[in-house]
Amino acid sequence: MSWTAVVLAGSRGAADPVAQAAGVSHKAFAEVGGMPMLTRVLDTLAAAPSIQGAAVVIERTAPELPRPGVRRIDALRSPSLSALAAFAAAGPPVLVTTADHPLLTVEMVEHFIAAASASSADVVAGVATREVIESEGPAAPRTYLNFRDAEVSGCNLFALMTPEAEAALTYWRQLENKRKQPLRMAWAVGPYTLTRYAMGLLSTKAATKALGRAAGCHAAMVRMPFSDAAHDVDKPADLAFAEARLAARD
């Protein structure tokens, strides 16, 4: 299949610690290894055989994109709305990632796309286990979800495989609207699922199935076998970690 890549690069506002530390308007333009993170991500996607085109979702006030031939889509007032707009513009299959993923590689992209394509799901999320993330030495601090069969962290890689994937984005939007009301957000996920998770009884497969059912589509999860796949840049310390990992690769 011919895939379109969508890179979410919207600003988190003037208080974004990474943008402030780097002295740029948008975190996406913070440099890692002498190159803006967004440039690194776009170069990786351009080199991936499965990707036939790319679009960047970013505010109109942002600087020019660092690479020609990349479509620019105006960011809306929330990530979910921006993703919905990008999905409508591109059409499936769409690979969604973020501009703050400077350690992304072609191998990661191709592995994820191949696994997502084999899943027969509408929407697929990439994750990495703690064991994999820590396999190459000390890792940057990550947030883990503790399931019965694994501790996993997100990799900022999503595959929107079919038109039905729009239901997952709409569900994301519903959760965003409830983000200041934790009880309502929990109810949207499902009390039975949350209870099993709290008791340590929920597996990754069961969790994915439950979320897909709540969203109204078929969801799947791909475990990425790359220690750097889960490392994005959310704080200045992450910039230093990414610099060190890139230097080790070189």
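Nothing in this text is a laboratory measurement; each read-out follows from the coordinates by a stated rule. Just so we're clear, the structure is a prediction, and the values are computed from it rather than from any experiment. With ideal geometry, Cβ positions are generated from the backbone for all residues, glycine too; neighbour counts draw on all protein chains shown.
Things to note:
- Between helix 106-117 and the chain: long-axis angle, C-alpha atoms, 0 to 90°, nearest 10: 30 degrees
- Take the Cβ atoms of Lys209 and Leu81, set R0 to 25 Å, and the FRET efficiency comes out at 0.40.
- 0 to 90° range, to nearest 10: angle between helix 166-177 axis and the chain longest Cα axis: 90 degrees
- Taking a point 7 Å out from the Cα of Ala118 in the direction of its Cβ, the residues of the range 140-157 whose backbone N falls within less than 19 Å of it are 157.
- For the peptides 82-93, 100-111, the ranking by mean Cβ contacts within 10 Å, running from highest to lowest, is 100-111, 82-93.
- Counting other Cβ atoms within 10 Å as a rough exposure proxy, the listed residues Trp3, Trp172 run Trp172, Trp3 from fewest neighbours to most.
- Once the Cα-Cα distance is subtracted from the 0.36 nm per residue extended length, the Ser135 to Leu194 segment shows a gain of 18.3 nm.
- Once the Cα-Cα distance is subtracted from the 0.36 nm per residue extended length, the Glu110 to Ala89 segment shows a gain of 5.3 nm.
- Derived scalar couplings ³J(HN,Hα) [the range 98-105; Karplus, 6.51 cos²θ - 1.76 cosθ + 1.60; whole Hz; x for Gly, Pro]: 10, 6, 8, 10, x, 8, 4, 10
- 0 to 90° range, to nearest 10: angle between helix 37-47 axis and the chain longest Cα axis: 80 degrees
- Taken about its Cα centre, the chain carries a charge dipole of roughly 940 debye when the Cβ of each Lys and Arg holds +1 and the Cβ of each Asp and Glu holds -1.
- Positive-end residue of Leu81, Pro66, Met108, charge dipole of the chain with Cβ unit charges: Leu81
- Taking only Cα atoms of the chain, radius of gyration then Dmax in Å: 17.5, 50
- Rounded if a/c under 1.5, otherwise prolate or oblate - the range 1-56, Cα gyration tensor axes: oblate
- The length gained by stretching the chain between Ala237 and Ser25 to full extension, at 0.36 nm per residue less their Cα-Cα distance, is 74.5 nm.
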